[in-house]
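Everything below concerns the one structure shown next.
The values are calculated or read from the model by the stated rules, or taken from the named source; none is laboratory data. Keep in mind the model is a prediction, meaning the values are calculated, not measured. Ideal geometry is used to build each Cβ from the backbone, glycine not excepted, and the neighbour counts take in all protein chains shown. When the accessible area is computed, the model is the full protein with side chains, heavy atoms only, and any ligands, DNA or RNA have been set aside. Shrake-Rupley method; radii C 1.70, N 1.55, O 1.52, S 1.80 Å.
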2 protein chains.
Amino acid sequence: MFSRRLLSLIINTQHISRELHVSKSLLTAVIINGKAIAEEMRRELKSSVDAWVACDKRQPKLIAILVGDDQASKTYVGNKVRAAAAIGILSETIFFGNDISQTELIEKIKCLNNDDSVDGIIVQLPLPIGIEEKEICCAVAPSKDVDGFHIENMGKLTLDRIGIAPATALGVKELILRSKIDTIGKNAVIVGRSKHVGLPIALLLHADGKGETGALDMTTTICHRFTPHEQMKNFTKSADVIVMAAGVPGLLTKDMVKPGACVIDVGINRIKDNTGGSRLVGDVDFESVKKVAGYITPVPGGVGPMTVTMLMKNTFLASKRNQGER
Amino acid sequence: MFSRRLLSLIINTQHISRELHVSKSLLTAVIINGKAIAEEMRRELKSSVDAWVACDKRQPKLIAILVGDDQASKTYVGNKVRAAAAIGILSETIFFGNDISQTELIEKIKCLNNDDSVDGIIVQLPLPIGIEEKEICCAVAPSKDVDGFHIENMGKLTLDRIGIAPATALGVKELILRSKIDTIGKNAVIVGRSKHVGLPIALLLHADGKGETGALDMTTTICHRFTPHEQMKNFTKSADVIVMAAGVPGLLTKDMVKPGACVIDVGINRIKDNTGGSRLVGDVDFESVKKVAGYITPVPGGVGPMTVTMLMKNTFLASKRNQGER
């Protein structure tokens, strides 16, 4: 395992020599620097968007819909808007009060569906009580559904056909690929079966690498709330890739990880710290696990920035398709 | 384990006292008699269809499309037509030669989509070279896609919403349920990741039992062609439910099964026998595995008849929805 890690470090270091995306100690895991990888991808994306616009094409445009005044939602939307601006994607945020009805919201979405200048529409979740998320997600036209939550896009992902896949799942795949982890026929465990995160990740982990979604060909185990802890440990302990998406702080501990495994932490949990304030942590007990794992993503700075970046990539791809490019 | 099996046998025997659906020896596995369970379900279904028609509703109607002269396909379609007749579902088989073009076939399907007297349309696979199965599967209107292969139905299954799920996956779930196997938080392995069989089964095994598809809440591992045999054995050996859908005769052997496990064999493979003829076998080495497993389906007479039955159930449900019942 160590020789593979060493080789991988060399490869990583060659490929990304300008920025230090990985830490170099062999005593602890290679830290997969999602923030740096995301920034690199955003630069690549900006070049592509610039080249696209230079060919007299329309600049991609993303609309974010924010309902209510949830502070975390505002932060997330803010991150997306800033990322769009940096990449050269036009964006606009439409705010609605908590009192908007489901029907009104759907009407607004339909207008945006029919607006040819709009390429991507995202509705920040969660939505206020009384508005059904699944109805809203399916109100967005599949061709503009850059979150990839629509039934049609989920069906395409399941059938391994090109559509729009959820950004977090794409981000996780990208981190695994860019870290040059061996995947074909290796064991993956995804902890969490949510429809927008855990399950799409499982789909991209297990499916055929030669298929349209370019999946990872891993033997894939889906654990969830009903998986007894001892069983989960049996699975994670024999996994080459562990993806945590349970929303439970510190769920994955050192004793549950095979030496050298790749650990991707999708969890974002706000917990109280000793000073009476709060901080963000993932589902992984980072400090202990990094002593055993071969690769690990931090929280924050791991999957989060990748999700935003893949959302931008989805928007650009949607824009190109909506402008007639296949 | 034995006490649970004994209890289960008692329950099964009480519930299905008239037909002998299960064998009774405790020295070998309970044989899950798919044929008998399918026949029981067909009788239940016939009563429901009769009651539906008695309320002045239209009799459900299924159209089977058969392209070319593949002998196995003819047999499968024949089984479906006979099952339909026995249940009181009208059916019609439309034959096309190998020379039909994809465009012509899609045109024909569109006509059937627009025919209000038709509730279900199935296109027997495989199709001749030159016709893309995925295009044909998505030409059928989702509301009449009783095979459940359309992107929209697959998306609904993935999102755990009511649509039409593939019949084989529904059949496997039904066999597990009717055998009263404990599933919540237990380990399942599905060997095979095909889009029409293995993956839909994984979706119904792992998802939330409280969801619209009433899934089984199992910790679920998907193995496939790239899973090394030793790894597959590790997974099957700790599984409470093993579903084989690989299309490899005798792939699952006795040494790979935990005593008392439930083994569902979806494989249908024609192999040469000693007499120079041929016979159907599954993916399970039945004679050896039945000595270890707690429950096992035979081939033929296990999953096969259930698939046909669930297809009929899908047709009846589609007919009711198409006639305005929710």
| message | I want to confirm something. Restricting to region B:304-326 and keeping residues that are among the small types (Gly, Ala, Ser) and open to solvent by less than 50 Å² (accessible area, probe 1.4 Å), which single residue is nearest to B:ILE268 (Cα to Cα)? | response | B:GLY304
| Does region A:126-150 hold any residues that are under 20 Å from A:ILE190 (Cβ atoms) and open to solvent by 20 Å² or more (accessible area, probe 1.4 Å), and which are they? | A:ASP147, A:PHE149
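Can you find, within region A:217-232, the residue that is nearest to the other protein chains (Cβ to nearest Cβ) among those that are part of a loop (DSSP other than H, G, I, E, B) and buried (at least 24 other Cβ atoms within 10 Å of the Cβ)?
Looking only at region A:217-232, we keep the residues that are part of a loop (DSSP other than H, G, I, E, B), and these are A:217-218, A:224-228.
Those still in the list that are buried (at least 24 other Cβ atoms within 10 Å of the Cβ) too: A:218, A:227.
Working: A:MET218: 8, A:THR227: 4 Å.
In this case the residue turns out to be A:THR227.
So, A:THR275, is that one modelled with pLDDT of 95 or more and either part of a strand (DSSP E or B) or farther than 29 Å from A:PHE235 by Cα (or both) or not? So that I can check it myself, show each step before the final result.
Details: modelled with pLDDT of 95 or more: no; either part of a strand (DSSP E or B) or farther than 29 Å from A:PHE235 by Cα (or both): yes.
Answer is no for this residue.
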| note | Residue count, region A:151-192, condition open to solvent by 20 Å² or more (accessible area, probe 1.4 Å) and in contact with a Cys (Cβ under 8 Å, 6 or more places away or on another chain), comes to 1
| said: If I filter region B:208-240 down to residues being among the small types (Gly, Ala, Ser) and in contact with a Leu (Cβ under 8 Å, 6 or more places away or on another chain), which single residue comes out as farthest from A:MET154 (Cα to Cα)? | reply: B:GLY209
| remark: Within region A:195-218, the residues that are touching a residue at least 24 places away in the same chain (Cβ under 8 Å) and closer than 13 Å to A:VAL243 by Cα are A:VAL197, A:GLY198, A:PRO200, A:ILE201, A:LEU203, A:LEU204, A:LEU205, A:MET218
| field | Selection status of B:ALA38, touching a Pro at 6+ places or on another chain (Cβ under 9 Å), over 28 Å from B:VAL263 (Cβ atoms) and in contact (Cβ under 8 Å) with a residue 24 or more places away in the chain | value | no
| field | Residue in region A:107-123 that is within 14 Å of chain B (Cβ to nearest Cβ), more than 25 Å from A:GLY302 (Cα to Cα), surrounded by fewer than 19 Cβ atoms within 10 Å (Cβ to Cβ) and in contact with a helix residue (DSSP H, G or I) (Cβ under 7 Å, 6 or more places away or on another chain) present | value | no
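Is there a residue in region A:259-270 that is within 11 Å of chain B (Cβ to nearest Cβ), open to solvent by less than 10 Å² (accessible area, probe 1.4 Å) and not polar (S, T, N, Q)? Walk me through it before giving the result.
Of the residues in region A:259-270, the ones within 11 Å of chain B (Cβ to nearest Cβ) are none.
For region A:259-270, residues within 11 Å of chain B (Cβ to nearest Cβ), open to solvent by less than 10 Å² (accessible area, probe 1.4 Å) and not polar (S, T, N, Q): absent.
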| Residues of region A:271-296 being surrounded by 15 or more Cβ atoms within 10 Å (Cβ to Cβ), touching a strand residue (DSSP E or B) at 6+ places or on another chain (Cβ under 6 Å) and charged (D, E, K, R), which ones? | A:ASP283, A:LYS290
| Before we move on, is B:ASP147 of a type outside the set (A, V, I, L, M, F, W, C) and closer than 25 Å to B:VAL81 by Cα? | yes
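Report, by residue number, each residue of region A:198-215 that is open to solvent by less than 30 Å² (accessible area, probe 1.4 Å) and assigned to a loop (DSSP other than H, G, I, E, B). Working first, answer last.
Keep residues of region A:198-215 that are open to solvent by less than 30 Å² (accessible area, probe 1.4 Å), which gives A:198-207, A:211, A:213-215.
Answer for region A:198-215, where residues must be open to solvent by less than 30 Å² (accessible area, probe 1.4 Å) and assigned to a loop (DSSP other than H, G, I, E, B): A:ALA207, A:GLY211, A:THR213, A:GLY214, A:ALA215.
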| request: Enumerate the pairs (first residue in region A:47-68 and within 15 Å of A:ILE87 (Cβ to Cβ); second residue anywhere and part of a loop (DSSP other than H, G, I, E, B) and open to solvent by 60 Å² or more (accessible area, probe 1.4 Å)) with beta-carbon separation below 6 Å, excluding pairs fewer than 6 apart on the same chain, so at least 6 apart or on different chains. | output: A:VAL53/A:GLN59
| said: One residue is enough: does region A:117-125 have a residue meeting the conditions farther than 28 Å from A:ALA54 by Cβ, touching a Leu at 6+ places or on another chain (Cβ under 9 Å) and either at pLDDT 95 or above or part of a helix (DSSP H, G or I) (or both)? | reply: yes
| Which members of region B:19-51 meet the condition of being surrounded by fewer than 18 Cβ atoms within 10 Å (Cβ to Cβ) and modelled with pLDDT under 95? | B:GLU19, B:LEU20, B:SER23, B:LYS24, B:SER25, B:LEU26, B:LEU27, B:THR28
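Is it the case, given these coordinates, that A:ILE164 is under 22 Å from B:ASN234 (Cβ atoms), touching a helix residue (DSSP H, G or I) at 6+ places or on another chain (Cβ under 9 Å), more than 10 Å from chain B (Cβ to nearest Cβ) and outside any helix (DSSP H, G or I)? Break it down stepwise before answering.
On the way: under 22 Å from B:ASN234 (Cβ atoms): no; touching a helix residue (DSSP H, G or I) at 6+ places or on another chain (Cβ under 9 Å): yes; more than 10 Å from chain B (Cβ to nearest Cβ): yes; outside any helix (DSSP H, G or I): yes.
Taking the combined requirement at face value, the residue does not satisfy it.
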| said: As an exercise: evaluate A:LYS195 against (1) within 24 Å of A:ARG270 (Cβ to Cβ); (2) at the interface with chain B (Cβ under 8 Å from one of its Cβ atoms); (3) open to solvent by less than 30 Å² (accessible area, probe 1.4 Å) and give the number of the one condition it does not meet. | reply: (3)
| query | Which members of region B:198-214 meet the condition of being at the interface with another protein chain (Cβ under 10 Å from one of its Cβ atoms) and hydrophobic (A, V, I, L, M, F, W, C)? | reply | B:LEU199, B:ALA202, B:LEU203, B:LEU205, B:ALA207
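Tell me, yes or no, whether region B:175-186 has at least one residue that is part of a loop (DSSP other than H, G, I, E, B), within 19 Å of B:MET306 (Cα to Cα) and within 11 Å of another protein chain (Cβ to nearest Cβ). Even if it seems obvious, please write down each step before you answer.
In the first step, residues of region B:175-186 are kept if they are part of a loop (DSSP other than H, G, I, E, B); the result is B:179-186.
Remaining after also requiring within 19 Å of B:MET306 (Cα to Cα): B:179-181.
Subsequent filtering for residues that are within 11 Å of another protein chain (Cβ to nearest Cβ) retains none.
Taking every residue of region B:175-186 in turn, none turns out to be part of a loop (DSSP other than H, G, I, E, B), within 19 Å of B:MET306 (Cα to Cα) and within 11 Å of another protein chain (Cβ to nearest Cβ).
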| query | From the residues in region A:237-253 that are open to solvent by less than 10 Å² (accessible area, probe 1.4 Å) and in contact with a Lys or Arg (Cβ under 8 Å, 6 or more places away or on another chain), which one is farthest from the other protein chains (Cβ to nearest Cβ)? | reply | A:VAL241
